[in-house]
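Written out below as structure tokens is the structure these notes cover.
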Amino acid sequence: MSETAIKVLGIGSRVKHPAMGDGVIIRLYKIAYDVCFFTYGIKQVAKDYADWEIIEAIEPESLVTYTEAEKSLRKILREFSAINETVQIGDKWKDGMMILKPKDDSMKSKEIPIQTFFHKIVMVRDRVRVMEQRINSSKLLSDDDKVSLQQYITRIYGSMTTFNILFKYKDDHFKGESTK
């Protein structure tokens with residue numbers, strides 16, 4: 001196979017293998033990749049393998065430390081996989097109900113389990129994160145466009161901070177613009 005036919009992928013590149021499904025390249029060798037497949041774990045795939053779909057290609061860097069690769073893999077798994085991280089609701093809200101009461105007393109109130117509402121908030125947060133990553137990695141948008149769109153994303157997070165009281169851990173909170 002000619003040198004120009006092989007596209008070398010870097011750590012963090014996302015691929016879809018016809019048999020093993022979605023995966024992320026986590027290590028480079030001279031003639032192969034270590035790929036972490038979401039379903040099958042870490043498997044080695046030859047660099048000249050052509051039957052997979054390249055979802056997102058990342059240029060290879062000359063030197064990448066294990067720590068950098070681990071951080072990249074965590075970020076990719078969190079932001080792009082169908083396997084969402086477990087986000088815990090605060091203990092005081094477990095098995096609680098959210099009651100929406102209209103001003104008009106002749107109208108019936110609506111009760112929603114807080115767990116259901118919390119799940120929807122987490123889904124919104126995860127989808128905004130994916131949108132943010134896709135904007136940042138887009139080759140079609142200019143840097144000015146990315147900055148402009150990123151400002152909207154930050155404002156979305158800021159608007160969602162009201163719901164932080166539902167989260168058990170502060171690391172899961174929405175964070176908007178800093179007031180520093």
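Summary of values
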read-out: Whichever lysines have a C-alpha closer than 19 Å to that of residue 120, once near sequence neighbours (fewer than 8 apart) are set aside; value: 92, 94, 110, 168, 170, 175
read-out: Residue 38 paired with residue 134, simple spin-label distance in nm, labels 7 Å along Cα-to-beta-carbon; value: 1.4
read-out: Kirkwood hydrodynamic radius (C-alpha pairs) into Stokes-Einstein, the stretch 91-172, 4 °C and 1.567 mPa s, D in µm²/s; value: 85
read-out: Sorted by Cβ density within 10 Å, fewest first, the residues 17, 173; value: 173, 17
read-out: Residues 145, 172, 91, sorted so that the one with the fewest Cβ neighbours within 10 Å comes first; value: 91, 145, 172
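Rule-based calculations on the coordinates, nothing more; no lab input. Treat the numbers as computed from the prediction; the structure is a model and nothing was measured. Note that we place each Cβ from the backbone using ideal geometry, even for glycine, and neighbour counts take in every protein chain shown.
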